[in-house]
Structures are given as structure tokens and as C-alpha cells.
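Data first, discussion second: the structure below is written as C-alpha cells.
No lab work stands behind these numbers, since they all come straight from the coordinates. Quick caveat: nothing in here was measured; it's all calculated off a predicted structure. Heads up, the Cβs are rebuilt from the backbone with ideal geometry, glycines too, and the neighbour counts pull from every protein chain shown.
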Amino acid sequence: DWTSDVFIDASIADLKAKIGSDKVVMGLSGGVDSSVAATLIHRAIGDQLTCVFVDNGLLRKNEFEEVLDSYKHMGLNVIGVDAKQRFYDALAGLTDPEAKRKAIGKAFIEVFDDESHKIEGVKWLGQGTIYPDIIESVSVKGPSATIKSHHNVGGLPDFMKLSVVEPLNTLFKDEVREVGRALEIVETIIGRHPFPGPGLGIRILGDITEEKVKTLQEVDHIFIKGLKDHGLYDQVWQAGAMLLPIQSVGVMGDERTYEKVVALRAVGSVDGMTADWIHLPYEFLGKISNEIINRVKGVNRVVYDISSKPPATIEWE
Ligand code: XMP
């Protein structure tokens, strides 16, 4: 029978045998998966592991600083890279969801490659890929049936010349969390909602600008903080806000406004493959809606997404 302790012992032994005295580089995202994978690898090979955490300009509000801080407390050797402008440049004018994902994935690989070349003699690339990432990316019908291109799956460009090590690629999310708790990773990381690699880039529908990112970060922050303050965060698999590419008419004092609409989404799930919208209390939704409209400039309407997956996906792009 599967237990996290058995898994951890076997995984560490396996990593030690596989990696030996080689060096490993790994990209961290602040999420559960990459944090647990890095901690496992760190247990196995210690300082032979170097981690890279990239600010792609599409993270949640204050996320880069907060997460970097918690990694340092965990004893991981982490290089933080501010690459915001590089991502905004790569995304300028792009509106198609897949084109945006590809641009983000490409920019990530370039930044990551630059950083890994600064570490001498790296042979391995650590990744936090989990089982559902693999099945969603390459479905049984083959690549043409791929639903979305998850940039953390599918191998690396030749120029990287690194072998991949993915200690969590047989696990589901709940198992990853169990492993993380057994490794005594802080609950603020273990309990984090999943967040897509392309981040707010696929929650801003249409083209991305730094200004739109700032707007969505404020909206998202109010929503997520509200969930936490009302004891709802842990009852939700994943939540977030989408900035829609439309404007609607509103009224503010005596003035007519014509501003942006945001959609809030909160779903329950066990593995992200199917999901149900969560019946958040109306009072809570009303309070959050007021707070968003009063505090975030440029937004005059909030809607709540009541679609389940399938047929709707969790993300809107
Ligand atoms: P969907 O929107 O397909 O999302 O129902 C399922 C889960 O995957 C996350 N997601 C992504 N994660 N790169 C990622 O690393 C991506 O391109 C991507 N697209 C969706 C999504 O947040 C949800 O947890």
C-alpha cells in the first residue's frame, strides 16, 4: 500500500543512485509540486541542487518576494530572477491563448537556460511534473488531441542538454501534499491552491499589458485574502479572477462609467481533471464584489463563474 514515508524513502534512494555526485538545477514556481520535488531532491543530494525562481511578471501580488523568502527559510539554495520585462516584451500584442502559452514557455526556457549556464557542470534538470500534467498534455489519442500545452511537460529543447528528473510524476495532487507534509514543508506552501505556470497571463483574456496585470493582481488579492479571512480558502481546490476583454456601463456618483468586467472563479476538484463550481455564500460574494469595485480602479462589474469542468475548463484560456 502507498504511504508517504515509503514513497519518500524509496524516492530519496532512487534519486541518490540516479544523480550520484552530479549537479541539478530546478525551476521553482512557488507551488506545491515544484516545492515538494525540490525538497525531495534536496534531501537526497543537498547542495548539489540549485533552484531558480523566475518573476515572469504574471505572478500574484507580492508572490515573488513572499515565496522567495519561504524557500530561503527551507534551506533551499535559490536564485531569484526578475525577468518581468522580458515576458511583457515577448507577450506584446499576442491574444491567442496557445500563442501566449508558447511565448511564456519560450521566455521561461530562455531565462532558465541563461541562469543554468551560470552554474558550472549541471547535468540534470529537476521538475515538479505530477501525473495529471502528463495525461492532460499527451492524451491517449496522441499529441493532436492535446487540450493545452503545459509548458512543463514534453521535454526540453536540444540546446539545454540536461537529463530530466521528475520525482513526482507518478503522484496525484493529494499524494504530493501528503508527501510535502511528511517532509515538514510549511502549510502556507502545502495548502496553496494550484496556479498555472503561465500565471495571470492566461487569466487576462486577450493581450497582456503591465497595467492589466496590476489591475488583476489587486482583484485577485482581494478575492484570495477574502477567502482566507472567511475560512473558505481550504474548502476550495482553486480560485482566482479573470480580467475580461470587454467593458460595461456603470454609474459612479453622477457619472456614467464604462469600465472593465472581472469574473471570479472558485472550484472544487480532486485532481483538476474534473471540477465543480463552489457555492460560495452570497454575502461573501457581495462583500468581495463591493470591495473590488470600490478599491480597484478601472473595474465596475464583477461576475461569478458557475460552470463546471467539463465542459468548461478551470482557466478561461
Ligand atoms: P484547465 O483550465 O485545463 O486546468 O481545467 C486544469 C489545471 O491545470 C492548470 N493549468 C495549467 N498549468 N500550465 C500549467 O502549469 C498551463 O498552461 C496550464 N493551464 C491550466 C489549471 O490552473 C488547473 O489547475
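Let's test the formula: R0 of 30 Å, r as the Cβ-Cβ distance of Asp207 and Asn290. What FRET efficiency results, to the nearest 0.05? Calculated value: 0.55. Derived scalar couplings between HN and Hα for the stretch 304-317 equal 10, 7, 10, 9, 9, 10, x, x, 7, 8, 5, 7, 8, 10 Hz in order, rounded to whole Hz, by the Karplus curve 6.51 cos²θ - 1.76 cosθ + 1.60 (θ = phi - 60°), x for Gly and Pro.
The distance between label points at Ile109 and Ile79 comes to 1.9 nm (points 7 Å beyond Cα on the Cα→Cβ vector). Normalising the Debye intensity of the stretch 4-190 to I(0), with uniform scatterers on Cα atoms only, and taking log10 at q = 0.08, 0.11, 0.12, 0.16 Å⁻¹ returns -0.25, -0.49, -0.58, -1.07.
Shape index of the stretch 203-304: Rg/Rh, with Rg the Cα radius of gyration and Rh the Kirkwood radius from the inverse mean 1/r over Cα pairs, equals 0.98.
Using the Cβ-Cβ distance between Thr3 and Ile134 with R0 set to 30 Å, the FRET efficiency works out to roughly 0.85.
For Val303, the amide hydrogen comes within under 5 Å of the amide hydrogens of Val262, Ala263, Leu264, counting only partners 5 or more places away or on other chains and with H modelled in the peptide plane. For the stretch 161-230, what log10 I(q)/I(0) values come out of the Debye formula at q = 0.13, 0.14, 0.23 1/Å, with one point per alpha carbon and no solvent? Relative scattering, expressed as log10 I(q)/I(0), comes to -0.61, -0.69, -1.04.
Tell me, what is the FRET efficiency for Lys228 and Tyr282 to the nearest 0.05, using R0 = 22 angstrom and their Cβ-Cβ distance as r?
0.70
Once the Cα gyration tensor of the chain is diagonalised, what are the square roots of 5 times its eigenvalues, in whole Å and ordered largest first, as equivalent ellipsoid semi-axes?
35, 22, 19
Taking springs between alpha-carbon atoms closer than 10 angstrom, which of Thr39, Thr129, Thr274 fluctuates most in the Gaussian network model of the chain? Maximum fluctuation in the GNM of the chain, among the listed residues, is at Thr274.
Using θ = phi - 60° in the Karplus curve 6.51 cos²θ - 1.76 cosθ + 1.60, the 3J(HN,Hα) couplings for the stretch 228-240 round to 5, 5, 9, x, 9, 4, 6, 8, 10, 6, 7, 9, x Hz; x is entered for Gly and Pro. Mind telling me which of Asn56, Asn294, Asn77 comes out most flexible in a GNM of the chain, alpha-carbon contacts under 10 Å? Result: Asn294 has the largest fluctuation of those listed. Considering only Glu255, Glu218, Glu283, the mean-square fluctuation computed in a Gaussian network model of the chain, springs between alpha carbons under 10 angstrom, is largest for Glu255.
For the chain, the mean residue ellipticity at 222 nm estimated from helices alone is -12500 deg cm²/dmol, where every DSSP H run of n ≥ 4 contributes -39500 (n - 2.57) and the total is divided by all residues, rounded to the nearest 500.
Equivalent ellipsoid of the stretch 245-294: semi-axes from √(5λ) of the C-alpha gyration tensor, largest first, are 30, 14, 6 Å. Multiplying the residue separation of Arg181 and Arg43 by 0.36 nm and subtracting their alpha-carbon distance yields 48.3 nm.
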